[in-house]
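Student: To start, I am sharing the structure in question, which I have written as structure tokens.
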Amino acid sequence: MKIEGLHHIAIICSNYEVSKYFYSEILGFTIEQEVYRKERDSFKLDLSLNGNYLIELFSFPNPPKRLSFPEATGLRHIAFGVKNLDQWKDYLLDKSIESQPIRIDEFTEKRFFFFNDPDGLPIELYEV
């Protein structure tokens, strides 16, 4: 018995329309399905990247804030591989999204940087 792979990442957002725009229009995820669940007063948005289902974006009334700084126990960040880190950094800056400086992974010698989604969830872009 073994785990076959990552199925999806579930993210709860505080402003559904802002996060929907961020993940689909800015980061380029494809919207596969959008469902409003009346009994939970919640939207569920299924997002894919290059044909791979990756993110479930949820809205709930009044979700608690996520601790990011100082780093708390639990999920630390999500990371996506990109081919041109410098272009991505410039692109995000053009969209008024601030990011941390580019760093180099001391073990792989690959470059990466972090930025935050609209709710402060850390996202890493890692050059592949």
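The values are calculated or read from the model by the stated rules, or taken from the named source; none is laboratory data. Remember, predicted model here, so these are calculated numbers, not experimental data. With ideal geometry, Cβ positions are generated from the backbone for all residues, glycine too; neighbour counts draw on all protein chains shown.
Student: Residues of region 42-75 being more than 16 Å from His8 (Cα to Cα) and of a type in the set (D, E, K, R), which ones?
Tutor: Step one: list which residues in region 42-75 are more than 16 Å from His8 (Cα to Cα), which gives 42-43, 59-74.
Answer for region 42-75, where residues must be more than 16 Å from His8 (Cα to Cα) and of a type in the set (D, E, K, R): Lys65, Arg66, Glu71.
Student: With the checklist (1) farther than 26 Å from Glu127 by Cβ; (2) exposed (fewer than 12 other Cβ atoms within 10 Å of the Cβ) in hand, flag the one item Glu25 doesn't pass.
Tutor: Failing condition for Glu25: (1).
Student: Let me ask another. Any idea which of (1) at pLDDT below 95; (2) of a type in the set (Gly, Ala, Ser); (3) more than 17 Å from Ile12 (Cα to Cα) is the one Gly120 doesn't satisfy?
Tutor: (3)
Student: When Leu75 is evaluated against the numbered criteria (1) at pLDDT below 95; (2) within 21 Å of Asn50 (Cα to Cα), which criterion, by number, is the only one it fails?
Tutor: (2)
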